[in-house]
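Remarks on the structure that follows.
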Amino acid sequence: DVKYAAQLVKPGQQAPDFTMKTLDGKDFNFKSTCKGKYIVLDFWASWCPDCIRDIPHIQRLYKEYSPKGVQFVGISMDTDREVWAAAVKKHDIAYTQVSELVKFRETEISKKYGVQWIPSMSSTGLSMKYTSTSAPSLGST
């Protein structure tokens, strides 16, 4: 929806830094891990039907572009670690996953990135500036 995409970080803007926990409880710092790489941020949740529907499309992109150096990071809006982990396992999501494990509207990451609806995707270039943002579902394009 254009209404929700209007708040997303715009192309050319600097990507906000963040530190979040991975599924195995380790700290993941965006800038220190991803600086100098092309990045795709996938905002999703296990309870979101459109997000689940998009997983095969994102997996296809991951398999095509990760060997070319593009790093994918899934940012889950789940509040329960076990439910989140089960969804990652069930759908065989191989790329890095992070979460705050708080309600979507209360997450710092959604405020920093202007994410008001999921699924949403963003990509950054080597300079950590946005190249694109997307709110519509991949499955509907």
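The listed residues are 118, 109, and the only one of them that is open to solvent by less than 80 Å² (accessible area, probe 1.4 Å), in a helix (DSSP H, G or I), in contact with a strand residue (DSSP E or B) (Cβ under 7 Å, 6 or more places away or on another chain) and modelled with pLDDT of 60 or more turns out to be 109. Could you tell me whether any residue of the range 72-81 is aromatic (Phe, Trp, Tyr), at pLDDT below 95, under 24 Å from residue 29 (Cβ atoms) and under 13 Å from the mean Cα position of the chain (by Cα)? Checked against the condition, which is being aromatic (Phe, Trp, Tyr), at pLDDT below 95, under 24 Å from residue 29 (Cβ atoms) and under 13 Å from the mean Cα position of the chain (by Cα), the range 72-81 yields no hits at all.
For beta carbons closer than 7 Å, sequence separation of 6+ or different chains, a first residue in the range 82-106 that is closer than 21 Å to residue 64 by Cα and in contact (Cβ under 8 Å) with a residue 40 or more places away in the chain and a second that is outside any helix (DSSP H, G or I) and of a type in the set (Ser, Thr, Tyr), the qualifying pairs are 96/22; 97/22; 97/76. Would you mention how many residues in the range 67-102 are of a type in the set (D, E, K, R) and within 17 Å of residue 18 (Cβ to Cβ)? Within the range 67-102, residues that are of a type in the set (D, E, K, R) and within 17 Å of residue 18 (Cβ to Cβ) number 2. Quick check on residue 140: is it modelled with pLDDT under 95 and either open to solvent by 60 Å² or more (accessible area, probe 1.4 Å) or among the aromatic types (Phe, Trp, Tyr) (or both)? Answer is yes for this residue. Across the range 15-48, the number of residues qualifying as within 13 Å of residue 91 (Cβ to Cβ) and not hydrophobic (A, V, I, L, M, F, W, C) comes to 2.
The values are calculated or read from the model by the stated rules, or taken from the named source; none is laboratory data. It should be emphasised that the depicted structure is a prediction, and the values quoted were computed from it without experimental measurement. Every residue, glycine as well, gets a Cβ built from its backbone with ideal geometry; the counts of neighbours run over all protein chains shown. What goes into the accessible areas is simple: the full protein's heavy atoms, side chains included, and nothing from ligands, DNA or RNA. Shrake-Rupley method; radii C 1.70, N 1.55, O 1.52, S 1.80 Å.
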